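Have a look at the structure below, then the notes.
The values are calculated or read from the model by the stated rules, or taken from the named source; none is laboratory data. Here the structure is a predicted model, which means the values were calculated and not measured. Here the Cβ positions follow ideal geometry from the backbone for every residue, glycine too, while neighbour counts run over all protein chains shown. Accessible surface is based on the protein model in full, side chains and every heavy atom, while ligands, DNA and RNA are left aside. Shrake-Rupley method; radii C 1.70, N 1.55, O 1.52, S 1.80 Å.
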Amino acid sequence: MFSKLAKAVHAAFAVALGAALLGTGAGAAHAATPPVLGGGSGIIIDNQFECTVTTVGHDGAGRLVGLTAGHCGEAGAQVYAESDRDAGVVGRFVYSNHDLDYAVIQFDPGRIVPVNRIGGVTITNVGAPPQFPQVVCKEGRTTGNTCGLVWGDVFDSKIETWTQMCVVEGDSGAPVVVGSTLVGMVNAYLALACFGPEVGTNMNVIMDDINARGGVGAGYQPI
């Protein structure tokens, strides 16, 4: 569970829950060419909130799955690609963990083109959390590619890392990388958008929890 301070501030400043309601319905027509999705792509959840995909790949059973922040939606929530809403529903949330603030999305085969590079971030593997004074980068649907200093696990929570990256509403779920290694996801900012520290769950903790739970997402490997 997030440290008490981080969790309290996280509740107040959770990045995606501050996103504006979209108001209009997504088109039901299916696009001729499926939208491209990968870590850093924008998604629309239940036609209401905008978040960012952490990573896309396959689980141990060969299912096409992805991750994002847990506060972005509940199990059963419908997922649209922000880049092509007219493509319709491309996947659904199958599990949402609010203690670790991550969610598993199962995508419909053929409804997206999964990739390992979006913008300035390429994801080739999953690794351990970064340490001070490393520099990490992220790709978010709102602020794009930004980098910053790692403060580390400030409260020795064993699950979260604080950084000095710029994040704002809609960046929730954005992949945090060192080189091409996925080390975490964006979950919240503290105090001031873009200027306050970013806090997010470590990817090794998320992977351990997914594998221990079993089912969709277990044995995940990025594209």
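So, taking all protein chains as they sit and a 1.4 Å probe, how much accessible area belongs to Tyr80, in Å² rounded to tens?
Probe radius 1.4 Å; accessible area of Tyr80 about 30 Å².
Which residue, Asp156, Asp101, Asp209, has the most motion in a Gaussian network model of the chain that connects Cα atoms within less than 10 Å?
In this elastic network of the chain, the residue with the biggest mean-square fluctuation among Asp156, Asp101, Asp209 is Asp156.
Roughly how tilted is helix 4-13, in degrees to the nearest 10 and between 0 and 90, from the longest Cα axis of the chain?
Compared with the principal axis, the helix lies near 40 degrees.
Could you state how much accessible area Ser180 has, in square angstrom rounded to the nearest 10, with a 1.4 Å probe and all protein chains kept in place?
The accessible area comes out at roughly 40 Å².
Under a point spin-label approximation (7 Å from Cα along Cα-to-Cβ), what is the Val168-Thr124 distance to one decimal in nm?
Result for the modelled spin labels: 3.3 nm.
Counting only protein heavy atoms and using a 1.4 Å probe, what share of the accessible area of the chain belongs to carbon plus sulfur, as a whole percent?
Of all accessible area on the chain, carbon and sulfur atoms account for 57 percent.
Go ahead and set up a Gaussian network model of the chain, Cα springs under 10 Å, then flag whichever of Ala103, Ala188, Ala87 fluctuates most.
Ala87
Residue by residue through segment 181-194, what is 3J(HN,Hα) from phi via Karplus (6.51 cos²θ - 1.76 cosθ + 1.60, θ = phi - 60°)? Round to whole Hz and write x for glycine and proline.
Result, ordered by residue: 9, 6, 10, x, 10, 7, 10, 6, 10, 10, 6, 10, 4, 6 Hz.
For segment 196-215 and segment 114-180, compute the distance between their C-alpha centroids and round to whole Å.
13 Å
Going by alpha carbons, how many degrees (0 to 90, nearest 10) lie between the helix axis of 203-213 and the longest principal axis of the chain?
In the chain, helix 203-213 runs at an angle near 60 degrees to the longest axis.
By accessible area of protein heavy atoms, probe 1.4 Å, what ranking do Asp59, Asp99 get, highest first?
Asp99, Asp59
Show me, for segment 63-78, the HN-Hα J-couplings you get by feeding each phi into the Karplus relation (A = 6.51, B = -1.76, C = 1.60, θ = phi - 60°), rounded to Hz, glycine and proline as x.
Each residue of segment 63-78 in turn: 6, 7, 9, x, 10, 7, 6, x, 6, 7, x, 9, 3, x, 4, 8 Hz.
Suppose the chain between Asn211 and Phe155 were pulled fully straight at 0.36 nm per residue; how much longer would it get relative to their current alpha carbon spacing?
Between Asn211 and Phe155, full extension yields 17.6 nm more.
Go ahead and set up a Gaussian network model of the chain, Cα springs under 10 Å, then flag whichever of Val186, Val167, Val150 fluctuates most.
Largest GNM mean-square fluctuation: Val150.
As a check on your grasp of the helix formula, calculate [θ] at 222 nm for the chain: sum -39500 (n - 2.57) over DSSP H runs of n ≥ 4, divide by the residue count, round to the nearest 500.
Roughly -3000 deg cm²/dmol at 222 nm, from the helical runs in the chain.
Rounded to the nearest whole Å², what accessible area per residue is found for segment 72-152 with the 1.4 Å probe?
That works out to 42 Å² for each residue.
Positive end of the charge dipole of segment 58-207 (Lys, Arg +1 and Asp, Glu -1 on Cβ, about the Cα centre): tell me which of Ser180, Ala75, Asn145 has its Cα farthest that way.
So the residue furthest toward the plus end is Ser180.
Round to the nearest 10 and report in Å² the accessible area of Leu64, as given by a 1.4 Å probe over the protein chains' heavy atoms.
20 Å²
List the residues whose amide H sits under 5 Å from the amide H of Tyr220, counting only those 5 or more places along or on another chain, with H placed 1.01 Å from N in the peptide plane.
Gly60
Considering the values [x] 29, 20, 16; [y] 25, 22, 18; [z] 25, 19, 16, which represents semi-axes √(5λ) of the Cα gyration tensor in Å as calculated for the structure under consideration?
Given [x] 29, 20, 16; [y] 25, 22, 18; [z] 25, 19, 16, the calculated one carries the label [z].
Taking H as built 1.01 Å from N, whose amide H comes closer than 5 Å to the amide H of Val65, not counting residues under 5 places away?
Gly57, His58, Asp59, Phe107
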